[in-house]
């Protein structure tokens, strides 16, 4: 059964979507430059204090931008390379086949060309008047969302994996750890200690999840 699944061709929609985007869209030098810019932007650009306009002009000039000394560049500035580079050829490319593989109709309303054309020219003082993130989006949806959704500190997107592993995925976790114990790759006592530490909150879920995935891989050999 397992072997037959491995030999089955991918879903036609998934395969067609993947073929449509096959091959690199940029030269190696261009891709390396965008990779370097991504590191600079997330470390030296986005997290710099708002008044440090000269500081943000400096890395932009290093990457070829022509900017007047009087130009004010804010931390939330959207660089054209982001819209035409990683979003189009990485994020959208990956989300397209991934969503089609599970018959999910993915929509990206914030990338509607009319909306982008209207919002990009707005001055930074309008798009980011204070410390609250995404103020225009909050204002546009304030009558649709409760205050608890947007009136809170900014936070990243985090999956409740620890809760799932102790709940809906508990059987999957147990099977994976059992496979690891029976294979003899690790001492059963060590695996049991890790499971106990996770259940008591002393071990991060990622550490136990690595063992679970390894155990399932060993069971399928």
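Ranking of 181, 134, 139 by neighbouring Cβ atoms within 10 Å, starting from the fewest: 139, 134, 181.
Decide, for segment 161-219, between rounded, prolate and oblate: order the square roots of the alpha carbon gyration tensor eigenvalues as a ≥ b ≥ c, take rounded if a/c falls under 1.5, and otherwise choose prolate if a/b is larger than b/c, else oblate.
Working: a/c = 2.06, a/b = 1.34, b/c = 1.54.
It is oblate, given that a/c is not under 1.5 and a/b is not larger than b/c.
Length available on full extension from residue 101 to residue 70: 0.36 nm per residue minus the Cα-Cα distance, which gives 6.3 nm.
Highest-first packing order for the peptide set 171-177, 211-217, 195-201 is 211-217, 171-177, 195-201, based on the mean count of other beta carbon atoms within 10 Å. Sorting 58, 157 from the fewest to the most surrounding beta carbons within 10 angstrom yields 157, 58. Our note on the geometry: Cα centres of segment 149-178 and segment 197-215, 12 Å apart. Exposure proxy for 45, 63: other Cβ atoms within 10 Å of each Cβ, ordered fewest to most, give 63, 45. Here each label is just a point 7 Å from Cα along the line to Cβ, and for residue 144 and residue 193 those points are 5.2 nm apart.
With the simple spin-label model, which puts each label point 7 Å out from Cα in the Cβ direction, the residue 172 to residue 157 separation comes to 1.8 nm. The distance between label points at residue 28 and residue 221 comes to 3.6 nm (points 7 Å beyond Cα on the Cα→Cβ vector).
FYI, it's all coordinate maths here, none of it is from the lab. Keep in mind it's a predicted model, so treat the numbers as computed, not measured. FYI the Cβ positions are ideal-geometry reconstructions off the backbone, even for glycines, and counts take in every protein chain you see.
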